[in-house]
1. Where in the stretch 57-176 are there strands (runs of 3 or more DSSP E), lying wholly inside it, with at least 2 residues that are in contact (Cβ under 8 Å) with a residue 60 or more places away in the chain and either closer than 21 Å to Gly267 by Cα or among the hydrophobic types (A, V, I, L, M, F, W, C) (or both)?
2. What residue, among those in the stretch 180-208 that are more than 16 Å from Leu225 (Cβ to Cβ) and within 12 Å of ligand 4 (Cβ to nearest atom), is nearest to the chain's Cα centre (by Cα)?
3. Can you confirm whether Ile218 is surrounded by 17 or more Cβ atoms within 10 Å (Cβ to Cβ), touching a Cys at 6+ places or on another chain (Cβ under 6 Å), assigned to a helix (DSSP H, G or I) and not hydroxyl-bearing (Ser, Thr, Tyr)?
4. Kindly indicate whether Gly124 is farther than 25 Å from Leu225 by Cα and of a type in the set (Gly, Ala, Ser).
5. Is it the case that Gly230 is surrounded by fewer than 15 Cβ atoms within 10 Å (Cβ to Cβ) and on the phi > 0 side of the Ramachandran plot?
6. Please find, within the stretch 57-99, the residue that is nearest to ligand 1 (Cβ to nearest atom) out of those that are polar (S, T, N, Q) and under 26 Å from Ala235 (Cα atoms).
7. Residue check, Tyr258 against (1) crowded, with 21+ Cβ neighbours inside 10 Å; (2) within 16 Å of ligand 4 (Cβ to nearest atom), all met but one. Which one?
8. I'd like to verify a number: residues in the stretch 258-290 that are outside any helix (DSSP H, G or I) and out of contact with any helix residue (DSSP H, G or I) (no Cβ under 7 Å at 6 or more places or on another chain), how many?
Amino acid sequence: LNARAAEPYVRLYDHAADPHRPERLSLMGDLKIAIEQDALELAYQPKLEPQTGRVVGAEALVRWTHPRRGFVPPDSFIPLAEETGAIRHLTRWGLRRALRQSAAWAAAGHDLRMSVNLSVRDLGDAALPDRIDALLAETGLTADRLMLEITESAIMGEPEAAIAMLRRLADRGVELSIDDFGVGQSSFAYLRRLPVREIKIDRSFVKALDETAQDQAIVRSIIELGHNLGYKVTAEGVENAGSLNLLAEMGCDLAQGYYIARPLMPGAFADFLASHAAGEIPWQATLREA
Ligand code: C2E
Ligand code: MG
Ligand code: MG
Ligand code: MG
């Protein structure tokens, strides 16, 4: 185990050592087919300004309904796709689908920034920036409409290489976000060197924010740290009115979570935007009272 842990983090999937090999290989084979056949979906979770109640963006989250297994959650196939390298195909598929959706929203008059998750393996994909340029040109979107989310751990595995890739992306005007902030390995020395726009507080600090003094202290501190470094701060995993109101009070820039909206398929997302514009969403009343 120790010997394996010491290998480079991008080591190839170790077929021989894996007791679940046949099952995992067949799942990855099926994923490859699903990508080729455009059979995956993206759900979109709104991002909201707690002070104003405005919806300003959405995060794209992949959804896979396997023909025999049914729904397969991302947490169970993304790590496997990272090990096998299939993640690069998934990322390219996801970027194209998300940017097309974003262009469709723009055409309907909705100016929303689209967030897409990147994995550690994507940071080693030297062709990714050109790919993104091509997709932006194809969809007619400006680079600042796209935000890429990367976890701290993905960056800290090989920080110098990661920073070089993040700079290439940031130079194009693409916005960058550090996802799941607070639970990964992080380093203040690297944090100040990252060309990021946003840090995203991990949902473990947010889900019981309204009733946990320690979480309030942590979240308040992360917001202050982020602001002092010039970053916007988003809280993920907002599950109730009390937490949303606290985030508004603390000056958190953006919030995301089941209390605002679950990740939604495109039709449901359009319905959400319509009810939001019409002021028909219960939490809007809560926000106005605050
Ligand atoms: P993430 O990027 O941190 O995404 C947030 C996860 O939290 C999503 O889970 C979302 O559905 C969930 N969530 C949102 N609001 C709440 C809430 O109020 N309470 C709770 N308990 N959960 C909430 P999901 O969609 O299952 O995705 C899990 C992870 O899988 C994501 O974490 C991300 O790391 C990864 N992932 C999802 N889609 C993609 C993708 O297209 N590409 C890559 N590379 N990774 C993805
Ligand atoms: Mg994310
Ligand atoms: Mg996250
Ligand atoms: Mg996460």
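1. 113-117
2. Going residue by residue through the stretch 180-208, those that are more than 16 Å from Leu225 (Cβ to Cβ) are 185, 195, 203-204, 207-208.
Narrowing the set further to residues that are within 12 Å of ligand 4 (Cβ to nearest atom) leaves 203-204.
Working: Arg203: 12, Ser204: 15 Å.
By that ranking, first place goes to Arg203.
3. Working: surrounded by 17 or more Cβ atoms within 10 Å (Cβ to Cβ): yes; touching a Cys at 6+ places or on another chain (Cβ under 6 Å): no; assigned to a helix (DSSP H, G or I): yes; not hydroxyl-bearing (Ser, Thr, Tyr): yes.
In short, no.
4. Yes: the conditions hold for Gly124.
5. Working: surrounded by fewer than 15 Cβ atoms within 10 Å (Cβ to Cβ): yes; on the phi > 0 side of the Ramachandran plot: yes.
So Gly230 fits the description; yes.
6. Of the residues in the stretch 57-99, the ones polar (S, T, N, Q) are 65, 76, 84, 91.
Within this subset, residues satisfying the condition of being under 26 Å from Ala235 (Cα atoms) are 76, 91.
On the way: Ser76: 9, Thr91: 6 Å.
Per the stated criteria, the residue is Thr91.
7. (1)
8. Of the residues in the stretch 258-290, the ones outside any helix (DSSP H, G or I) are 258-265, 278-281, 290.
From what's left, out of contact with any helix residue (DSSP H, G or I) (no Cβ under 7 Å at 6 or more places or on another chain): 258, 262-263, 265, 278-280.
Here the count works out to 7.
The values are calculated or read from the model by the stated rules, or taken from the named source; none is laboratory data. This structure is a prediction, so every number in the text was calculated from the model and none was measured. Cβ atoms come from the backbone with ideal geometry, glycine included; neighbour counts cover every protein chain shown.
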